Every structure is written in C-alpha cells, then in structure tokens.
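Before any comments, here is the structure.
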Amino acid sequence: MTGAVIAQPSMAARLTGARVGRRRTVVDRSMRTIAMGAAFLCALPLAAVLFFVAANGLSALSLDLITKPPRALGIGGGAANAVVGTLQMVPLAALIAVPVGVLGAVYIAEFANSRSARVIRFCADVLVGMPSILIGVFVFTFLVLPFKQFNGFAGSVALAVIMIPVVMRTTEESLHLVPNSLREASLALGVPAWRTVLSVVLRTGLPGILTGSMLAIARAMGETAPLLFTALGSRVVNVGDFGRPMDSLPLFIYVNARQPVDALNQQAWGAAFLLLLIVLIINVAVRARSWGRRIG
Amino acid sequence: MTNRASRLASLAFGAIVVIAGCTSPGATTGPTTGGQASGPPASGGMSQPQVPSGNVTLSGAGATFPALLYQVWIEKFGEAHSNVTVDYQAIGSGGGIKAITQQTVDFGASDAAMKDEEIAALPAGTKILHVPTALGAVVVIFNLAGADGSAIKKLNLDGDTIAGVFLGKITTWNDPAIAALNADVASNLPATPIKVIHRSDGSGTTNAFTTYLATVSSEWKDSVGAGKEVNWPTGDGAPGNDGVSGGVKTADGRIGYVELQYAVVSGLSSAAVKNANGKFVAGSSAGVTAAAEGAVDAFPDDFRAAPIINGPGDDTYPIAAYTYLLLYQDQTDATKGQALTAFLHWALTDGQSEEKAIGYAPLPAPIQQKALEELHRITTGGSPIWPM
C-alpha cells in the first residue's frame, strides 16, 4: 500500500524526468552545435582570406614584382618600391620599439611599485587599442610638418609607437613567469640587481620577449593608416633615404587595388600575397616555438 | 632636412611642369598643339633651362586626374635625365593644395585653380605659380545592362537629366527623361535603380563637374552649389578618379563622373553630353581641345582659369578643365629649382606630344606659350632660374 502510494509519484516523476532529460539533451546538443558553428565561423575568415589572396595573388607573384619599380599603367612594372620600403621602415621601427618596450617592461616587472606599474600598464593597454590612424596624425604633426617633408623616418616612428605597447606587455608577462627563486639565488650569490636582471631575468624570459617582438613586427608590417600621413608612399625605390617619402606593401595594395587598370590590380594581389606570406611565416614560426616549448 | 625639402620643392615644380604638358588639348588640334610644341620657346637668354648635373629628387603630390600622364612624363624624362627623380603621389587636388600650403612637397598638383582664400592661407611671403599642363574632360561613366541583358554602351544625356540623376530625382534607368534622349535604346532601358558614385575627397574633377551642374541647373546651384567638395544629395563616395571608376565598374546600374582618361583605361562607357549648340558630344581629347580653343581669350593672366563649361562650337565637349602643377615661385633649393624648371619645360614642350596617345588633351598653342613664359618667373634667392 504504502509502496504503491510512493510508487505513483515516483512514476510520474520518472516520466517528467525523462521528458526534462530529453529536453535538456536537445538543448545541450543544439547549443553545442551553435557554439561549434560559431567557433568555425571564427576560423572561416582566416581560411577565406588565405584562399582568396592565394588564389588571386599566386599567379601575380613573380621576381619582377619584387625587383621592378612601378611603371605607368603597370606595364612591366613591379612593387620594388613597396618591398624595399617595408624592409627598411619595419626594422627601424623594431629598432626603436624593442629596446623601449623591453626596458619599460623590466621597469614595471622588476623595479616599479605596484601603483606606478598599474598606471603604466593601463596606459600601454589603452595605447594598444588606440586607432592607428590617430597615431599617424600625431606623428605627422611633430615629424612631418616641422620638417616640411613626408619621410620614411616618421613612418618608422609611427609604426614604433604601435609596436611599443605590444612589446612591453608581452615582455612583462614573460618576466613575471621567471621564478622568483632564480632572482633570489642570484642576489644571494652577491650578484648586483642590474646584473641579475640582465643575466638571469631577461635571459630566462628571452623566448617570451622574442615572441612578443615578432608579433609586434608582424602587426606593424600590415599597418596602412599610420603611414598615410607620414611615409606618404612613393613610386621611387628609395634605398636608405629616411628623409624622403617611402612606400610599403600595405600602401602599395591600398593604392593599386582601387585602380581601374587590371595590371595594377594584379600587382596589388601579388603584393597582398607577399605580405600575407611574410606575416604568416612570422606568426607560424612564433607559435610553433611556443607550442614546442609547451609540449617539450 | 631643409636642403632635402628644397630639393623636394624643385621636384614638385617639375611635376607641375609635367602636368601642364598633359593638359593641352592637342589631340584634336593637330599641328598647333602637342606634337609641334617640342621646340624651346622663342625667347632671349638660355634657349632652355639647364638640367642640374647632380642627383636630384623632386617630390610632389596632388590631383589624380593627371597622375597617369605625369607617370608617363616622369618615366620619359627620367630616361633622358637619370639623375633627376620625380616622385608623384596621386592623393587628390584638395590634398595637393594642402600639401603645398603646408610645404610638405616640392610641388603640388590640382585640377582646380587655388581659390583666393586658399592663397590667403599660404605661409606669409609664399607665392605659388599655377602652370597648366593639360586639359581634361569630365565624363559621366555608367555601368548598365539593358533589359535584354546586353550591356548598354551608348547613352545621350543633357544637363537637366544629369542634374536630375545626381540630385536623386531620377532614380531608375528607364525614367522618361532618359528615355526621351535615347529613342534608339529606349525600349531596352531597364528598371534598374540608379546608384550614384561620387568623390569622397577634395577634387578638381568634382569642381568642374559641379560647376557644370550649377550652370545647367538652377536647382543644383541653389541647393548644392559648386566646389571641390559639396554635400551630395545622393550616392556613395569613393576616393580619387580611380576610386570612382573602380566603384562604378563593380556593379550594374551605377553612374559616376571621372576624368576622360579614367573612363578610357577602365573600359567603362561614358555618356554623350548635349553641348551649347544642342549637339550630343562624347568626351574626347578633340572635344576638350575645341572647348579650350574657344576659351583661349578668356584665359586669365594669373592662370587661375575656371572650368570651361558649355563652350561654343558643334564639336565642343561641355565639361572641360585645365589641370595645374603648383609651385613655389621662389625655390629655396637652387638645384631642385633648376630640375623642376627643366622638367616643366620638357613637359610643356616634348611632353605635350605624349598626351594624345594616352587620352589627354594637350594645351592650345597660345596657352602653352604663356605657360612657358611663366617658367621665367621661377626664382631662387630672388634671381630667375631661367632668365628671359
């Protein structure tokens, strides 16, 4: 009797339980599918960009594109001005940004009190999110207007301003990963603080610093906006004269992709493919390194 | 830096010269223009300005319309004088005037003469010379598939209709106003909506086109007006002549306005426009030359000519304009000044013969002569670079 009384509600509970369970399964499955779809959607643009740029750019990529200066209507011309410009402005920008970024990170990771470290970190994070065109305008007002000349140096400085916070934040992260026991051991052996930072902390954090620097370089290499007002772009293959306008691969793509001339559009695709290759190689190399470390 | 800047300035002068050569309406006139203009001007002193011997780089920026001509000029001039490098960046007429005002270039380029207030904005003591280099026609380009699916290549338009389209009042291609002008293809005009593409940057092409619209339509004059930049009642903006022709090319039903040259290289059709004599004339360097020759007497002494709108003559294309190189009258760097003067001289003479082949109109002979005389006014440190 009592068993039956108890069994009835439990039967009903089991029935509704089964229904709830099924509904939960359905909701779970569909949400999981949606989430999986979203995850694929995130990867899709990369695949699409790779595919379209490769499909259009592969045939346009040739030795002429890299070695020849541009010509009127694109006939027989190339993108040597852009290749040479990028290969000069980006390294100079790295030369400015990496020391500043690394030293800044050393200061906030090793020496600053927590309050000033927080302020600097906040500033760097805001700078990372700053629209790059504003950085171009800013550099224009103090490196182009006073000298009355668009110049490659201003372009490098604009790129460096973009790179500095990236280098600084990644370096700081990697310095925080250096175990404190290493610092203490070094100091206990009587090594001065500066030497500890240089030979122990920086050395241990070096892979992380390299990763950050390479990512910053890849980012700067693809920037167009900060160069519009600074390096301006140039149809001349400018080797070494940072006082004059310089071209870069993104500027070359920007200018030539909108020309109503097929040959120039083709060269823009070729330049896009070249830029993609360089940036991809840097990114993959960096990620492969860090994967290797994690696994090994 | 200043040395470099002055060298750049002379480059800019050079570019201006090149541009001037481009504009001449020689295509139709034949003997008076272009080809024959290559001899040095009959003046005393040096028969032609000397090219400096050292390496010089001139940098200039501005109008997109003459960019193709300048690129060709720069290549040809560079073949003859490999020590002179001219770097021209096509950033738009507004950008060219801005750059020369801020003194960030050796020379600027614009399809619209500088306005009084733009001249007033120049740094104190700076004088700018306008050197015309070529003439251009502003043509109305379109990309339209007919009702039967085949591309429509020829259309006649008049001022009222063009104004109606750009005012947003005529919104489909089979509008009665368009059909009435095109009896032969009227049945093939589709109901496709008209999409206007206009310039997004300050542009001499826009200046010429809106001057035309303000001339033919009082409604346009009152509600929009004329200038390098206006508040467009309808349509999307695109940067540069290249941007507009590229934009029109991408989709069916689009209409825009560009320099003739850009219609030619992009392969887009352009409309025949009704001129002052009631004839429908397609944009061509011949039509521009006819317009320029009709307006030679009206060419002002300060060279700042207004666009040539609705000039007389059966063959005259109704929307034409000079394009200019803008240079500092006094060159701070003597070497750059020399190179720029020599480049301009070459452009106004030998360069003129390059124009027709790539779809530009060389300068009419009297204007070419005036432009060459203007080169005598370029100085460095107060003394002329190319004395009379």
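Ranked from highest to lowest mean number of other Cβ atoms within 10 Å per residue, what is the order of the peptides A:263-269, B:74-80, A:184-190?
A:263-269, B:74-80, A:184-190
Got a sec? Which residues in the range A:234-270 would a label at A:L87 touch, if it sits 7 Å along Cα→Cβ and we count backbone N under 12 Å?
A:238-240
Once you compute Rg and the Kirkwood Rh from C-alpha atoms, what is the Rg to Rh ratio for the range B:284-370?
Result: Rg/Rh = 1.02.
Given an 8 Å cut-off on Cα distances and at least 6 residues of separation, report the relative contact order of the range B:47-146 as a percent.
Value for the range B:47-146: 29 percent.
What is the packing order of peptides A:160-166, A:244-250, taking the mean over residues of other C-beta atoms within 10 Å and listing the highest first?
A:244-250, A:160-166
Would you be so kind as to identify which of A:A38, A:V49, A:T25 lies farthest towards the positive end of the dipole of the range A:10-57, taking Lys and Arg as +1 and Asp and Glu as -1 on Cβ and the Cα centre as origin?
A:T25
With the crude spin-label approximation of a point 7 Å out along Cα→Cβ, what separation in nm comes out for B:A80 versus B:D116?
4.0 nm
Using a 10 Å cut-off on Cβ to Cβ distances, tally the other chain neighbours for every residue of A:141-150 and report the average as a whole number.
Other-chain Cβ atoms within 10 Å of each residue's Cβ, averaged: 5.
Starting from the 7 Å offset along Cα-to-Cβ, what nm value, one decimal, do you get for the label separation of B:Q102 and B:S53?
Placing both labels 7 Å beyond Cα along the Cβ direction yields 3.8 nm.
Just how many % of Cα pairs in the range B:137-319 lie over 26 Å apart, if you round to the nearest whole percent?
24 percent
Within 10 Å of each Cβ of A:265-272, how many other protein chain Cβ atoms are there on average?
For peptide A:265-272, the averaged partner shielding equals 0.
Using +1 on the beta carbon of Lys and Arg, -1 on that of Asp and Glu, and nothing else charged, what's the dipole of the range B:137-319 about the Cα centre, debye to 20?
Using only the charged Cβ atoms, the result is roughly 380 debye.
Quick one: if the Förster radius is 22 Å, what FRET efficiency do B:N174 and B:D236 give, using the C-beta to C-beta distance and rounding to 0.05?
0.50
Let me spell out the model: positive unit charges on the Cβ of Lys and Arg, negative unit charges on the Cβ of Asp and Glu, origin at the Cα centre of the protein assembly as shown. What dipole size does that give, in debye rounded to 20?
So the dipole magnitude of the protein assembly as shown works out to roughly 3680 debye.
I'd like to compare B:158-164, A:17-23: which one has the highest average count of other Cβ atoms within 10 Å, and what's the full order after that?
Listed from highest to lowest mean packing, they are B:158-164, A:17-23.
For the range A:10-57, count the residues as N, evaluate 2.2 N^0.38 Å, and divide the Cα radius of gyration by that value, please.
2.14
Which value, in nm² and rounded to one decimal, describes the direction-averaged projected area of the C-alpha convex hull of the range A:141-296?
About 12.6 nm², averaged over all directions.
For the range B:240-322, state the average projected area of the convex hull of the C-alpha atoms over all orientations, rounded to one decimal in nm².
For the range B:240-322, the mean projected area of the Cα convex hull comes to 5.9 nm².
Calculate the dipole size of chain A relative to its Cα centre from +1 charges on Lys and Arg beta carbons and -1 charges on Asp and Glu beta carbons; express the result in debye to the nearest 20.
So the dipole magnitude of chain A works out to roughly 1120 debye.
Near the amide H of B:V86, under 5 Å away, which other amide H atoms are found, from residues 5 or more places off or on another chain, if H is placed in the peptide plane?
Result for B:V86 returns B:L58.
Round to the nearest 10 and give me the degree value, 0 to 90, for the angle of helix B:334-348's Cα axis relative to the longest principal axis of chain B.
The answer is roughly 40 degrees.
Give the dimensionless ratio obtained when the Cα radius of gyration of chain A is divided by 2.2 N^0.38 Å.
Against the empirical 2.2 N^0.38 Å value, I get 1.42 for chain A.
For the protein assembly as shown, what is the largest minus smallest coordinate of the Cα atoms on each principal axis, given in angstrom and ordered from greatest to least?
113, 80, 45
Show me, for the range A:281-286, the HN-Hα J-couplings you get by feeding each phi into the Karplus relation (A = 6.51, B = -1.76, C = 1.60, θ = phi - 60°), rounded to Hz, glycine and proline as x.
Couplings: 4, 4, 4, 5, 4, 5 Hz.
Run through the DSSP bridge list for the protein assembly as shown and note the antiparallel percent, rounded to the nearest 5.
Here the antiparallel bridges make up roughly 60 percent for the protein assembly as shown.
Note the full-extension length gain between A:A18 and A:L95 as 0.36 nm times their separation in residues minus their Cα-Cα distance, in nm to one decimal.
21.1 nm
Among the DSSP beta bridges whose two residues both lie in the range B:186-302, what percent are antiparallel, rounded to the nearest 5?
Restricted to the range B:186-302, the bridges split so that about 25 percent are antiparallel.
Over the whole of B:103-109, what's the average partner chain Cβ count within 10 Å per residue? Rounded to a whole number, please.
Per residue, the number of nearby Cβ atoms from other chains is 3 on average.
Using a Förster distance of 22 angstrom, determine the FRET efficiency expected from the C-beta separation of B:T250 and A:D64, and round it to 0.05.
About 0.20, to the nearest 0.05.
Build a GNM of chain B with springs between Cα atoms under 10 Å: which of B:T206, B:T192, B:T57 gets the top mean-square fluctuation?
B:T192
Have a look at the DSSP beta bridges in chain B and tell me what percent are antiparallel, nearest 5.
Looking only at bridges with both residues in chain B, the antiparallel portion is about 60 percent.
Suppose R0 equals 22 Å; then what is the FRET efficiency for B:Q329 and A:V239 from their Cβ-Cβ distance, rounded to the nearest 0.05?
Once rounded, the FRET efficiency stands at 0.10.
With an 8 Å cut-off on Cα pairs and a minimum separation of 6 or more residues, tell me the relative contact order of chain A in percent.
Once normalised by length, the contact order is 26 percent.
Let me check against my output: what whole-number percent is the relative contact order of chain B, with C-alpha pairs under 8 Å and at least 6 apart?
33 percent
Compute the long axis of helix B:285-294 from its Cα atoms, compare it with the longest principal axis of the Cα atoms of chain B, and write down the angle in degrees, 0 to 90, nearest 10.
So the helix axis and the longest Cα principal axis differ by about 70 degrees.
Above 42 Å lies some portion of the pair distances; for chain B, what is it as a whole percent of all C-alpha pairs?
Looking at chain B, the distances longer than 42 Å represent 12 percent of pairs.
In degrees between 0 and 90, to the nearest 10, how far off the longest principal axis of chain A does helix A:80-106 point, with axes built from Cα atoms?
Once rounded, the angle reads 60 degrees.
How large is ³J(HN,Hα), in whole Hz, for each residue of the range A:176-184 in order, when computed from phi with the Karplus curve 6.51 cos²θ - 1.76 cosθ + 1.60 and θ = phi - 60°, using x for Gly and Pro?
5, 7, 6, x, 4, 4, 5, 4, 5
Would you work out which of B:Q368, A:L159, A:A124 lies farthest towards the positive end of the dipole of the protein assembly as shown, given +1 charges on the beta-carbon of Lys and Arg and -1 on that of Asp and Glu, about the Cα centre?
A:A124
Toward the positive end of the charge dipole of the range B:74-156, about the Cα centre and with charges on Cβ (Lys, Arg +1; Asp, Glu -1), which of B:I74, B:G146, B:T104 goes farthest?
Positive-end residue among those listed: B:G146.
Once phi is turned into θ = phi - 60°, what whole-Hz ³J(HN,Hα) does the Karplus curve with 6.51, -1.76 and 1.60 give for every residue of the range B:117-128, x standing for Gly and Pro?
Coupling constants for the range B:117-128: 6, 6, 5, 5, 7, 5, x, 3, x, 7, 10, 10 Hz.
Just so you know, all these numbers are worked out from the coordinates, no wet-lab data involved. Only a predicted model underlies this, so the values are computations on that prediction, with no experimental measurement involved. Counting neighbours? That spans all protein chains shown, and the Cβs are built from the backbone with ideal geometry, glycine included.
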